[in-house]
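Undergrad: Take a look at the following structure, please.
The values are calculated or read from the model by the stated rules, or taken from the named source; none is laboratory data. A quick note: this is a predicted structure, and the numbers were derived from the prediction, not measured. Glycine also receives a Cβ, built like all others from the backbone with ideal geometry; neighbour counts cover every protein chain displayed. Only protein heavy atoms, including side chains, enter the accessible area calculation; ligands, DNA and RNA are left aside. Shrake-Rupley method; radii C 1.70, N 1.55, O 1.52, S 1.80 Å.
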Amino acid sequence: MSVNRLLFYFWIPAVVLLAGPQPWKDKAIADWTGEDTQLVLTDSPWSKSVQPTLDGSASSGRRPSRGLGHGGGINLGGIGIGLPGIGGMGRRGGGYPGGGYPGGGYPGGPSGDGNGGGPPDSGQAPVLHLRWESALPVRAAELKAREDAPTLDENHYAIAVYGVPGRFLPDTPERAAKELKKLAAIKRDGKPDLKPSSVEVIPRNDGTVVVYLFPRTREITRRDKRVAFDAEIGRLRFSQSFFIDDMVFQGKMEL
């Protein structure tokens, strides 16, 4: 068998594995099952889980400039696949003091980490759940699942981070929103970063939701191919890539 033919057969299962099951994509929203809805909300081109790095420093420091060119990888069913230029963009510095929400911390904080974040001294970063909140499939899935979705307007892209333990946030939602706005961006190759125009911090019993709003006047297009959402929440540092060509529903790019 030739080398080219061997490579062809090698890549077939890899492509299938990368694509993953997306039975909802060819259905009308009204025909989505409960399983379809949960896939859209938890494991789709618009919804990702991310394991942040945990900065041990309690003081702010100078943060190096970063672009999209750092290496990283993905994990598919326990199989690690390295993909150059994806994720892996950690920062140092910029820690926050612990939370002090009335009643003993934010809901989901040290007095009740509903999202399994662990005690303050556990040394483990919680898994966070990201959604491209303004995308039609996500809004539709939240409606079908009867979730209490954040209020949005049509003038912004919105990315929401779910399950943030309160101990990683400043002492009030207002102060948290002000601080977190400075420490987030959407990054694109060869273009200036998109900075949020505002941030909303929503305390919940299962962990705080942080919603980042970016003005649509700075348009994201198919030519961008890939964007990375890069953020710091207290001592948590993370970056998650989204692939524009995959963020298409019923023939239309949905952001």
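Undergrad: In segment 97-139, what residues are modelled with pLDDT of 50 or more, open to solvent by less than 10 Å² (accessible area, probe 1.4 Å) and assigned to a loop (DSSP other than H, G, I, E, B)?
TA: Pro126, Glu133, Ala135
Undergrad: Still on this structure: Please report, ordered by residue number, the strands (runs of 3 or more DSSP E) entirely within segment 196-255 with at least 1 residues that are open to solvent by less than 40 Å² (accessible area, probe 1.4 Å), in contact (Cβ under 8 Å) with a residue 40 or more places away in the chain and acidic (Asp, Glu).
TA: 226-233
Undergrad: Which of the residues that make up segment 156-173 are surrounded by fewer than 24 Cβ atoms within 10 Å (Cβ to Cβ), part of a loop (DSSP other than H, G, I, E, B) and not polar (S, T, N, Q)?
TA: Within segment 156-173, Pro170, Asp171 meet the criteria.
Undergrad: While we're looking at this one, here's another question. Can you pull out the residues in segment 140-150 that are surrounded by fewer than 20 Cβ atoms within 10 Å (Cβ to Cβ) and at negative phi?
TA: Residues satisfying the conditions are Ala140, Glu142, Leu143, Lys144, Ala145, Glu147, Asp148, Ala149, Pro150.
Undergrad: Six or more apart or on different chains, Cβ under 7 Å: which pairs go from a residue in segment 44-55 that's over 22 Å from Trp24 (Cβ atoms) to one that's open to solvent by 50 Å² or more (accessible area, probe 1.4 Å) and β-branched (Val, Ile, Thr)? Could you list them?
TA: Between residues of segment 44-55 that are over 22 Å from Trp24 (Cβ atoms) and residues that are open to solvent by 50 Å² or more (accessible area, probe 1.4 Å) and β-branched (Val, Ile, Thr), the close pairs are Gln51/Val127.
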